[in-house]
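Nothing in this text is a laboratory measurement; each read-out follows from the coordinates by a stated rule. Because the structure is a prediction, the values reported are computed rather than measured. Here the Cβ is made from the backbone with ideal geometry for all residues, glycine too, and neighbour counts use every protein chain on show.
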Amino acid sequence: MKFSIINGPNLNMLGIREPAIYGNTTYADLVALIHQAAKEEEVQVEILQSNHEGMLVDEIQRAYDKADGIIINPAAYTHTSIAILDALKAVALPAVEVHISNLNERESFRQISYAGQACFHTVMGQGIEGYRTAIKILKQKLLG
Ligand code: CA2
């Protein structure tokens, strides 16, 4: 079972600023956690982070040929990108949306998620541990 894990803009800055919202862990810590969780769950993962909307769309399209499911944190593009929503709908792979912070407790502009409309589940407010939860949920979905 292979998952494409896609992270959007500024997630490479984790741990550098705003620790009260995003924690002290770095993007390298997040990548390590994902690899550890994937090993434990016996799934394969490919991870991409990009600050560019089109790169995220390209990666979702690539997942169509190489992955069984998608875990995506589109970061700020969550709240703006119909292109990412359309790409997720186009590939029609089972997808889980992840957010490190709890969007329900934040600004009103973060209350809308376009990408989430093409995802069967959203994990939020669990910090980077949310990616482990997402891996488990996606695996269960694919196992039926
Ligand atoms: O909670 C999440 O995972 C978010 O997707 C993170 C995004 C934010 O725009 C979303 O509304 C919620 C931000 C990514 C990281 O941005 C940083 C900002 C300052 C310092 C470090 C990272």
Legend entry - Yes/no for Ile128 being within 13 Å of the ligand (Cβ to nearest atom), part of a strand (DSSP E or B) and touching a residue at least 60 places away in the same chain (Cβ under 8 Å): no
Inset, instruction - Determine the pairs where a residue that is farther than 18 Å from Ile82 by Cα, located within the stretch 103-121, has a partner that is within 11 Å of the ligand (Cβ to nearest atom) and of a type in the set (Gly, Ala, Ser) with Cβ atoms under 9 Å apart, the partner being 6 or more residues away or on another chain. - result: Leu103/Ser113; Leu103/Gly125; Asn104/Gly125; Glu105/Gly125
Legend entry - the stretch 5-32, residues that are polar (S, T, N, Q) and within 26 Å of Asp58 (Cα to Cα): Asn7, Asn10, Asn12, Thr26
